[in-house]
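Here's the structure, in structure tokens; my notes come after.
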Ligand SMILES: NC(=O)c1ccc[n+]([C@@H]2O[C@H](COP(=O)([O-])OP(=O)(O)OC[C@H]3O[C@@H](n4cnc5c(N)ncnc54)[C@H](O)[C@@H]3O)[C@@H](O)[C@H]2O)c1
């Protein structure tokens, strides 16, 4: 017997950063299960393209534009998505930037550090705050933030990215405990290298450095990321919270 990960539909997932890469792949995979996807991105054409891809495969999705570092805008966007669907069962937060890489810590511009922090960590708090009241009222929710192996191990030349992803892992640990008895889980996923536009934009030396550390000696695929995301935000993943799931081909064994 095979059972769907999503036996009870409708199931609604908002994905912030759905206009590209892992967020788009997760949106498509969830839609294949019959999940209604709200694809949110500051890149509106990207979000619309994701929705068009889902629609052409017979799935259900809507696109919304919002800048995750604009508190009022992202809150209003997520609140509108919740109102339109009656509730949000899941929030997947994929919005992040690496900032400049291949820099030693003494070369990092604190202003640029702030920019990375505002997207990778502060916005993760704000998007969680936007959906938590509704999820708590329903006694059910799945919040998943995309962290990174850089937040566990620290990647050389990526001070801001590594620091903010480490902060995100800590925040998820704390939030998981805050809501552990509520039916709302809060988890993170820490990939190593998955070939996406974010990775393509990195210097080759940075990509080589990160890939060389993967015992499986290959990058992860978008399908592998999407499949794990679909499991973590499904009803069946119900006894895990505050945890950072691994997606690193053996690099992280903790
Ligand atoms: N690709 C990898 O190898 C890898 C590895 C580890 C962690 N991650 C994490 O996975 C997540 C997704 O990464 P990806 O590789 O798919 O990146 P990506 O650049 O392909 O996609 C990120 C999306 O987020 C959107 N976004 C960024 N900042 C935003 C903001 N302030 N407001 C709204 N939207 C915003 C972008 O427009 C883009 O569509 C990120 O958190 C990233 O740090 C990726």
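The values are calculated or read from the model by the stated rules, or taken from the named source; none is laboratory data. All figures in this text were calculated on a predicted structure; none of them were measured in a lab. Cβ placement follows ideal geometry from the backbone for every residue including glycine, while neighbour counts extend to all protein chains displayed.
Across the stretch 184-203, which residue is farthest from the ligand (Cβ to nearest atom) among those that are touching a strand residue (DSSP E or B) at 6+ places or on another chain (Cβ under 7 Å) and in a loop (DSSP other than H, G, I, E, B)? Ranking the qualifying residues of the stretch 184-203, first place goes to 192. Take the stretch 133-154 and flag every residue that is at positive phi and without any contact (Cβ under 8 Å) to a residue 40 or more places away in the chain. The one that is at positive phi and without any contact (Cβ under 8 Å) to a residue 40 or more places away in the chain: 154. Any residue that is crowded, with 18+ Cβ neighbours inside 10 Å, touching a residue at least 40 places away in the same chain (Cβ under 8 Å), in a loop (DSSP other than H, G, I, E, B) and out of contact with any helix residue (DSSP H, G or I) (no Cβ under 6 Å at 6 or more places or on another chain) - is there at least one of those in the stretch 18-27? Scanning the stretch 18-27, I find no residue that is crowded, with 18+ Cβ neighbours inside 10 Å, touching a residue at least 40 places away in the same chain (Cβ under 8 Å), in a loop (DSSP other than H, G, I, E, B) and out of contact with any helix residue (DSSP H, G or I) (no Cβ under 6 Å at 6 or more places or on another chain), so the answer is no. Among all residue pairs at least 6 apart or on different chains, which show Cβ distances below 6 Å where the first residue, located in the stretch 36-55, is over 18 Å from residue 78 (Cα atoms) and the second is part of a strand (DSSP E or B) and away from the ligand (no atom under 13 Å from the Cβ)? Filtered contacts from the stretch 36-55: 54/61. Can you find even one residue in the stretch 119-137 that is at pLDDT 95 or above, buried (at least 19 other Cβ atoms within 10 Å of the Cβ) and more than 23 Å from residue 77 (Cβ to Cβ)? For the stretch 119-137, residues at pLDDT 95 or above, buried (at least 19 other Cβ atoms within 10 Å of the Cβ) and more than 23 Å from residue 77 (Cβ to Cβ): absent.
Given the structure, is residue 150 modelled with pLDDT of 95 or more, in a helix (DSSP H, G or I) and under 17 Å from residue 121 (Cβ atoms)? For residue 150, the condition - modelled with pLDDT of 95 or more, in a helix (DSSP H, G or I) and under 17 Å from residue 121 (Cβ atoms) - is met. Within the stretch 67-82, the set of residues being under 18 Å from the mean Cα position of the chain (by Cα) and over 27 Å from residue 235 (Cα atoms) comprises 67, 69, 70, 71. Residues considered: 157, 167. Of these, the only one that is modelled with pLDDT of 95 or more, touching a helix residue (DSSP H, G or I) at 6+ places or on another chain (Cβ under 9 Å) and at positive phi is 157.
How many of the residues making up the stretch 32-51 are more than 16 Å from the chain's Cα centre (by Cα) and within 14 Å of residue 13 (Cβ to Cβ)? Count: 6.
Search the stretch 204-218 for residues being surrounded by 13 or more Cβ atoms within 10 Å (Cβ to Cβ) and not in a helix (DSSP H, G or I), and hand back the single one that is farthest from the ligand (Cβ to nearest atom). Break it down into steps so the answer makes sense when it comes.
At the first step, the residues of the stretch 204-218 found to be surrounded by 13 or more Cβ atoms within 10 Å (Cβ to Cβ) are 206-207, 209-211, 213-214.
Still in the list and also not in a helix (DSSP H, G or I): 213-214.
Working: 213: 12, 214: 11 Å.
By that ranking, first place goes to 213.
Within the stretch 1-31, track down each residue that is within 11 Å of the ligand (Cβ to nearest atom) and more than 20 Å from residue 135 (Cβ to Cβ). Listed by number, the residues that qualify are 19, 20, 21, 22, 24, 25. Pairs linking a residue in the stretch 117-132 that is within 17 Å of residue 14 (Cα to Cα) to a residue that is more than 10 Å from the ligand (Cβ to nearest atom) and at pLDDT below 95, with Cβ atoms under 9 Å and 6 or more positions apart or on different chains, do not occur.
Looking at 58, 46, 19, just one residue is modelled with pLDDT of 95 or more and in contact with a strand residue (DSSP E or B) (Cβ under 6 Å, 6 or more places away or on another chain), and that residue is 19. Show the residue pairs that are 6+ apart or on different chains and have beta-carbon atoms under 6 Å apart, the first residue being within the stretch 85-110 and within 30 Å of residue 139 (Cα to Cα) and touching a residue at least 60 places away in the same chain (Cβ under 8 Å), the second being part of a loop (DSSP other than H, G, I, E, B) and away from the ligand (no atom under 16 Å from the Cβ). The qualifying pairs are 89/11.
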